[in-house]
Amino acid sequence: MPMPHFEVHANAAATDMLLVHGNLASINWWKPFLEVAERGLKSTNSANRGTIVAVDLRGHGQTPLPQNETLQAKALVDDLALVVEELGLHNVLAIGHSAGGLLTALLAARKPQALTRLILIDPVGPKGLQNVPADIEQKYAMMSADRNVAAQVISFTIHQNDPTRSFFQKEIMDDSMKALKTVNLGLVRALENVDFSHDIAQVRQPFTVFHGAHDWVLSEDNATDYVKLAKQGEFVKLPENGHCLLYENPERLFTEVQKYLR
């Protein structure tokens, strides 16, 4: 597998940061947060030498999916590790969203010397995706065939989303439709009913797990299970947010990053 596609924002933070998106998403989901973070971090610390790196998972954004390949969690974590090694990232604050939250935690268990702190946003839980609807294939087929249907579903994951917003209609939905055609259910199947509890119990880095009270995608148990397994974590429930803090309230996420950096 070639190097996955990633974006590098040099001298943008007080420490190296790695951003990992979720299912049917891409680097573009991080743009609202990056705009807030780069303004804030550069204005408060002129000596920043850290690099912010956002990665496209296989079959998402600009990272291709090898022909006839079935997505596997291990391979996705391999890709993230490859980026960390290639760029020589160290003292990394890793932030993962949804499916990317679980992958980020698995990467932390594998690379404890590189990833030193974690923020997991509404992550898929240590036991993977459970109770996937029996008609999920039909639902994904409908989304793949009709952009309006897909937009309704994606919008549903974002609390109080404005579906007419240009950024949502173009960057978000363009990449979502591309992922639907490339991987479709691939990431769901890769994380379905697979128990990673042993791996998550190996995470020793301090971390915060956020869960939005209006998250209709994943239950709160997905988030709290991390704290039960890895003892250096804290759970924070967000009463005003849904599944997508990075998109819904990037300022709040930046505030949490600042706490970690201090």
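Of the residues making up the stretch 1-22, those that are at pLDDT 95 or above and surrounded by fewer than 24 Cβ atoms within 10 Å (Cβ to Cβ) are 4, 5, 6, 7, 8. Counting the residues of the stretch 58-92 that are more than 15 Å from the chain's Cα centre (by Cα), charged (D, E, K, R) and modelled with pLDDT of 95 or more gives 4. Does residue 226 satisfy being hydroxyl-bearing (Ser, Thr, Tyr) and modelled with pLDDT of 95 or more? The answer is yes for residue 226. Scanning the stretch 181-235 for residues that are in contact with a helix residue (DSSP H, G or I) (Cβ under 7 Å, 6 or more places away or on another chain), assigned to a helix (DSSP H, G or I), small (Gly, Ala, Ser) and crowded, with 17+ Cβ neighbours inside 10 Å yields a single hit, 190.
Once the stretch 200-255 is narrowed to residues that are among the polar types (S, T, N, Q) and out of contact with any Phe, Trp or Tyr (no Cβ under 7 Å at 6 or more places or on another chain), the residue that is farthest from residue 30 (Cα to Cα) is 202. Within the stretch 75-108, being surrounded by fewer than 20 Cβ atoms within 10 Å (Cβ to Cβ) and touching a helix residue (DSSP H, G or I) at 6+ places or on another chain (Cβ under 7 Å) holds for one residue alone: 81. Hey, could you check the stretch 236-262 for residues that are in a helix (DSSP H, G or I) and in contact with a His (Cβ under 6 Å, 6 or more places away or on another chain) and say which is surrounded by the most Cβ atoms within 10 Å (Cβ to Cβ)? Only one residue tops the list, namely 246. Of the residues making up the stretch 141-178, those that are under 28 Å from residue 209 (Cα atoms), hydroxyl-bearing (Ser, Thr, Tyr) and touching a residue at least 24 places away in the same chain (Cβ under 8 Å) are 157, 176.
Taking every residue in the stretch 79-101 that is more than 11 Å from residue 120 (Cβ to Cβ) and pairing it with any residue that is surrounded by fewer than 23 Cβ atoms within 10 Å (Cβ to Cβ) and of a type in the set (Lys, Arg), at least 6 positions away or on another chain, the pairs with Cβ-Cβ distances below 8 Å are 81/110; 81/111; 84/111; 92/117; 93/117.
The values are calculated or read from the model by the stated rules, or taken from the named source; none is laboratory data. This one's a predicted model, so the numbers in the text were calculated from it and none came from an experiment. Cβ atoms come from the backbone with ideal geometry, glycine included; neighbour counts cover every protein chain shown.
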